[in-house]
1. Rounded to the nearest 0.05, what FRET efficiency do A84 and E33 have when you use their Cβ-Cβ distance and R0 = 30 Å?
2. If you add up the charges near A92, with Lys and Arg at +1 and Asp and Glu at -1, over every other residue whose beta carbon is less than 15 angstrom from its beta carbon, what do you get?
3. Lys/Arg Cβ at +1, Asp/Glu Cβ at -1, dipole of the chain taken about the Cα centre: which of P50, P147, F117 is farthest positive-ward?
4. Quick check: net charge around A111, other residues with Cβ under 13 Å of its Cβ, Lys/Arg +1 and Asp/Glu -1?
5. Apply 1/(1 + (r/R0)^6) to the Cβ-Cβ distance of A16 and V128, taking R0 = 22 Å, and write down the FRET efficiency to the nearest 0.05.
6. Just the accessible area per residue of segment 1-146, please: how many Å² with a 1.4 Å probe?
7. Run the accessible area of segment 20-149 with a 1.4 Å probe and give the carbon-and-sulfur part as a rounded percent.
8. Where both residues lie in the chain, what percent of DSSP beta bridges are antiparallel, nearest 5?
Amino acid sequence: MELNGHMRAALDEARAAARRGEVPVGAVLVSPEGVIVARAGNRTRELSDPTAHAEILVIRARCAELRSERLPGHDLYVTLEPCAMCATAISAARIRRLYYGAADPKSGGVAHGARVFSHPQCHHAPEVYDGIAEAEAAALLRDFFSPRR
């Protein structure tokens, strides 16, 4: 699938996360007008917070800015398939569309594992588009973990 500016920005956030020693996952949140309104890379180690995934950080930032727990009309671009925790937050925030790069067969919560959006208890399922910049996103993860194994 074609790489657009929003996924490029998410990849930039993933690279910055890797430079900080974090797992290289990046996310950007895009307003209904098509403007990037929040960007982040993972910060779980830096913040000593297991919930500080890139997706959670951008959702928190925008919700705080708007003083709302919901973000209808917003689109989320993330370099890796969201885990179950992040998928649940995406649903709760009522994100309109989710675009992600690499699949995560081990810890994913969208197409793998919990498949959060498929559950009858899921109140909102975004439109999901996968495989965007998949090779580049997967390479970032491979390059990060390779020397650590």
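The values are calculated or read from the model by the stated rules, or taken from the named source; none is laboratory data. All figures in this text were calculated on a predicted structure; none of them were measured in a lab. As a convention, Cβ positions derive from the backbone with ideal geometry for all residues, glycine included, and neighbour counts pool all protein chains shown. Accessible surface areas use protein heavy atoms only, side chains included; no ligands, DNA or RNA. Shrake-Rupley method; radii C 1.70, N 1.55, O 1.52, S 1.80 Å.
1. E between A84 and E33, to the nearest 0.05, is 0.50.
2. +3
3. Working it through, the farthest residue towards the positive pole turns out to be P50.
4. Charge balance in the 13 Å sphere: -2.
5. Result of the calculation: an efficiency of 0.30.
6. Heavy-atom accessible area per residue stands at 48 Å².
7. 52 percent
8. 55 percent
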